[in-house]
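The values are calculated or read from the model by the stated rules, or taken from the named source; none is laboratory data. Because the structure is a prediction, the values reported are computed rather than measured. Cβ placement follows ideal geometry from the backbone for every residue including glycine, while neighbour counts extend to all protein chains displayed. In case anyone asks, the SASA skips ligands and DNA or RNA and just uses the protein heavy atoms, side chains included. Shrake-Rupley method; radii C 1.70, N 1.55, O 1.52, S 1.80 Å.
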Amino acid sequence: MDTDAPGDFVDRARAGWEKTRPGLDVSSIEVMGRISRIAALASQRVERDLASAAISRAEFDVLCTLARSDRPLRASEVTAATMLSGASTTKNVDRLAGRGLVERLPWERDGRVVLMRLTPLGVDLVDREFLHFLDRERELLAGLDAAERTQLAVLLRKVAVRAEPAG
């Protein structure tokens, strides 16, 4: 750790653990604590910024999942991509469909399955809000040069591969 740099929340948490539980190896929070903290703070910021579009972060995740796909998706595919529960996916899609951002289509292979895709209004919202989302991410990473961002991405990919379920 750079001793001249001001400490962050994780530094204070680690110091607290070292004081109350001397000898306990809490070095993993240097990475995992920061990943969790950054994710929570970034998510809060996205949630705040999306309020002007009257959508939640979970709804935005559903919209972006559909926007990235080259075909309509089943609810189970959206659930897997967003890591929402099935019930949450259904609830979010209901709200988005009610606002005209998502449409449901029958699947020709199985009448019990419903496919989802963005409407033109949904595409417009994603196109507008995703640019703001990317701007916020660039702001968070502004303290890193291109080589550092690449190195960080490579290292985080190694952790993500271990964290992702197999298959």
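Modelled label positions at Ala42 and Ala146, each set 7 Å beyond Cα in the direction of Cβ, lie 2.1 nm from each other. Per-residue ellipticity at 222 nm computed for the chain from its helices equals -20000 deg cm²/dmol, with DSSP H segments shorter than 4 residues left out and the rest contributing -39,500 (n - 2.57). Given R0 = 41 Å, the distance between the Cβ atoms of Val154 and Asp70 translates into a calculated FRET efficiency of 0.90. The trypsin sites (Lys or Arg not before Pro) of segment 94-167 meeting both criteria, a DSSP state outside H, G, I, E and B (loop) and at most 15 other C-beta atoms within 10 angstrom of the site's C-beta, are Arg99, Arg109.
Accessible area per residue of segment 117-167 at 1.4 Å probe, in Å²? With the other protein chains kept in place, segment 117-167 gives 79 Å² per residue.
In the chain, the portion of solvent-accessible area held by carbon and sulfur atoms comes to 58 percent [1.4 Å probe, whole percent, DNA, RNA and ligands not counted]. What segment 1-61 shows is 69 Å² of accessible area per residue, with the surface traced by a 1.4 Å probe over protein heavy atoms. Within the chain, the percentage of alpha carbon pairs spaced more than 23 angstrom apart rounds to 54%. For Cα pairs less than 8 Å apart in space and 6+ apart in sequence, what is the mean separation divided by the residue count of segment 7-87, i.e. the relative contact order in percent? Once normalised by length, the contact order is 17 percent.
Charge dipole of the chain (Cα centre as origin; +1 on each Lys and Arg Cβ, -1 on each Asp and Glu Cβ, all else neutral): 560 debye, rounded to the nearest 20. Evaluated with a Cβ-only charge set (Lys, Arg +1; Asp, Glu -1), segment 69-132 carries a dipole of roughly 220 debye about its Cα centre, given to the nearest 20.
In this structure, Met32 and Asp110 have a Cβ-Cβ separation that, at R0 = 45 Å, corresponds to a calculated FRET efficiency of about 0.65. When only Cα pairs below 8 angstrom with a gap of at least 6 residues are kept, the chain shows a relative contact order of 14 percent. In this label model, Leu134 and Asp49 are separated by 1.2 nm, measuring between points 7 Å along each Cα→Cβ vector.
Please work out how much length the chain gains when fully extended from Asp94 to Glu164, using 0.36 nm per residue of separation minus the C-alpha to C-alpha distance, in nm with one decimal.
Working it through step by step, the gained length comes to 22.4 nm.
Average projected area of the Cα convex hull of segment 1-89, in nm²?
Mean orientational projected area (segment 1-89, Cα hull): 9.1 nm².
Counting only the Cα atoms, segment 76-167 fills a convex hull of 151 Å³ per residue.
For segment 81-167, the set of GluC sites (Glu not before Pro) satisfying both a DSSP loop assignment and a count of at most 11 other C-beta atoms within 10 Å is given as Glu108. Normalising the average separation of contacting C-alpha pairs (under 8 angstrom, six or more residues apart) by the number of residues puts the relative contact order of segment 82-165 at 15 percent.
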